[in-house]
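Colleague: Below is one structure. I have some questions about it.
Just so it is clear, none of the values below were taken in a lab; they were calculated from the coordinates. The model shown is predicted, which means the values in this text are computed figures rather than measured ones. Don't worry about glycine lacking a Cβ; one is built from the backbone with ideal geometry, like all the others, and counts go over all protein chains shown.
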Amino acid sequence: HRVLVLNGPNLNMLGTREPQTYGSQTLADIEKMAIAEGKTLGLEVTCRQSNIEGELVTWIQQALGNFDAIVINPGAYSHTSIAIHDAFRAVALPVIEVHLSNIYTREAFRHHSYVSPVAMGVICGLGATGYRLALHALAEKL
Ligand code: DQA
């Protein structure tokens, strides 16, 4: 099975960005780990990151027919993007939403996600481990 791992805005700055909140691993570290974890699970993992909402929407649309599931950390677009919500509805692929931090212990504006209602599951607060757990869940479900 093929899994697309998407990361949204500012996640390209992981490693230097608020390490006390998001950890010290870079996005490259996390992507490498996701690809390696995928291999052990028999999943072919492709990773992409964008700071642009529309680009994420296009990648979600293009996933139809090319990927079996999506793991996404939508970053701040989680809390704002009806377009990403609609894109997931349109493709109807299994989606797992991941957040590095526990969004519920943080500012109120992070407590709501437009992605969660269209996700198969949501993982937050476990750091980079969340991506690995998401892949495990997909390996079982697919
Ligand atoms: C985040 C949480 C979001 O609220 C924030 O805007 C991010 C990262 C996380 O991984 O914890 O950019 O998605």
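Colleague: Can you tell me which residues in region 71-120 are near the ligand (Cβ under 10 Å from one of its atoms), out of contact with any Asp or Glu (no Cβ under 8 Å at 6 or more places or on another chain) and either on the phi > 0 side of the Ramachandran plot or hydrophobic (A, V, I, L, M, F, W, C) (or both)?
Modeller: GLY75, ALA76, VAL98, LEU100, ILE103, PHE109, listed by residue number.
Colleague: Now for a separate question. Give the number of residues within region 48-68 that are touching a Leu at 6+ places or on another chain (Cβ under 8 Å), within 26 Å of GLU18 (Cβ to Cβ) and in a helix (DSSP H, G or I).
Modeller: Total meeting the criteria: 2.
Colleague: Taking region 85-137, which residues are within 17 Å of GLY23 (Cβ to Cβ), surrounded by fewer than 18 Cβ atoms within 10 Å (Cβ to Cβ) and aliphatic (A, V, I, L, M)?
Modeller: Scanning region 85-137 gives LEU126, LEU133.
Colleague: For region 14-30, does any single residue satisfy the condition of being closer than 11 Å to TYR131 by Cβ, within 14 Å of the ligand (Cβ to nearest atom) and either in a strand (DSSP E or B) or under 14 Å from the mean Cα position of the chain (by Cα) (or both)?
Modeller: Looking through region 14-30, at least one residue is closer than 11 Å to TYR131 by Cβ, within 14 Å of the ligand (Cβ to nearest atom) and either in a strand (DSSP E or B) or under 14 Å from the mean Cα position of the chain (by Cα) (or both).
Colleague: Let me ask another. What residue, of HIS112, HIS136, is more than 15 Å from VAL5 (Cβ to Cβ) and out of contact with any Gly (no Cβ under 8 Å at 6 or more places or on another chain)?
Modeller: Every option except HIS112 fails the conditions.
Colleague: Kindly check whether there is at least one residue in region 59-69 that is within 26 Å of GLN25 (Cα to Cα), in contact (Cβ under 8 Å) with a residue 60 or more places away in the chain and within 16 Å of the ligand (Cβ to nearest atom).
Modeller: No: region 59-69 contains no residue that is within 26 Å of GLN25 (Cα to Cα), in contact (Cβ under 8 Å) with a residue 60 or more places away in the chain and within 16 Å of the ligand (Cβ to nearest atom).
Colleague: Within region 31-47, which residues are without any contact (Cβ under 8 Å) to a residue 60 or more places away in the chain, part of a helix (DSSP H, G or I) and not hydroxyl-bearing (Ser, Thr, Tyr)?
Modeller: Passing the criteria: GLU31, LYS32, ILE35, ALA36, LYS39.
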